[in-house]
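Report on the structure given below.
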Amino acid sequence: MKINALIASQADQPLRAGQVELRELQADDVKIEILYCGVCHSDLHMARNEWGVSRYPLVPGHEIVGRVVAVGGNVTKFSAGDTVGVGVMVDSCGECHFCQQQEEQYCEAGFTPTYNGTDKYTGNTTFGGYAQHVIADQHFVVTVPDNLALNAVAPLLCAGVTVWSPLQHFKVKAGDRVGVVGLGGTGSYGG
């Protein structure tokens with residue numbers, strides 16, 4: 001299925017409107033119509049190939065908020081019409097020690113990033129949130145409460161979780177002192 005997207009075609013060119021191919025829905029997948037997508041500085045680094053790993057065409061965006069439009073046959077947590085979010089990962093092996101410990105970022109087979117990754121079903125490159133739709137394994141999709149401003153939720157899926165995750169991991173509580181290194185989203189959410 002072809003979808004509209006903003007595409008980086010090479011490092012020294014601006015993003016342009018075009019179309020990319022969205023893969024078929026798998027049994028554990030959620031297809032999301034994208035309503036909002038934050039702009040993370042990592043998206044700019046990737047579009048400009050400043051880290052030397054970008055594969056073109058590239059559709060950035062990993063702070064995604066949208067509405068579920070379809071689900072695979074094994075999906076139990078979501079249904080059409082649900083408001084959801086997706087961050088930097090859309091899949092992993094699900095079987096290794098790290099995946100079993102909910103530390104998919106260390107997946108021994110390599111997690112599948114939202115964009116510029118290799119889709120484990122097709123071998124094609126994954127495309128991100130500067131597009132009409134995205135497909136993600138249900139494990140990497142989160143419910144977004146209806147009472148939140150969706151445009152404000154999108155940055156929480158990267159900068160927000162970047163601050164929240166270590167605070168949770170290290171059991172930081174009220175009155176503890178911490179330092180947050182970062183400007184922009186990470187610094188704002190940490191303050």
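The values are calculated or read from the model by the stated rules, or taken from the named source; none is laboratory data. Remember, predicted model here, so these are calculated numbers, not experimental data. Don't worry about glycine lacking a Cβ; one is built from the backbone with ideal geometry, like all the others, and counts go over all protein chains shown. To get the accessible areas, we keep the full protein, side chains included, count just its heavy atoms, and leave off ligands, DNA and RNA. Shrake-Rupley method; radii C 1.70, N 1.55, O 1.52, S 1.80 Å.
Accessible surface calculations at 1.4 Å, restricted to protein heavy atoms, place the chain at 55 Å² per residue.
Counting charges near residue 77 (Lys, Arg +1; Asp, Glu -1) among other residues having Cβ under 13 Å from its Cβ returns a value of -4.
Ordered by 1.4 Å accessible area with all protein chains kept, 56, 115 run largest first as 56, 115.
Rolling a 1.4 Å probe across all protein chains gives residue 178 an accessible area of roughly 80 Å².
Between amide H atoms placed 1.01 Å from N, distances below 5 Å from residue 132 occur with 4, all of them 5 or more places distant or on a separate chain. Computed with the Debye formula from one identical point scatterer per Cα of the chain, without solvent, the log10 of I(q)/I(0) at q = 0.11, 0.15, 0.16 Å⁻¹ comes to -0.50, -0.94, -1.07.
Coupling constants for the stretch 135-147 follow from the phi torsions by the Karplus curve (6.51 cos²θ - 1.76 cosθ + 1.60, θ = phi - 60°), and in residue order they are 10, 9, 4, 4, 5, 9, 10, 10, 6, 10, x, 5, 8 Hz; glycine and proline get x. Couplings 3J(HN,Hα) of the stretch 34-48, computed from phi: 7, 9, 9, 9, x, 10, 9, 4, 4, 4, 5, 4, 5, 4, 8 Hz, in residue order, whole Hz [Karplus 6.51 cos²θ - 1.76 cosθ + 1.60, θ = phi - 60°; x for Gly and Pro].
For the chain, which whole percent of the accessible surface, found with a 1.4 angstrom probe, sits on carbon and sulfur atoms? C and S atoms contribute 52 percent here.
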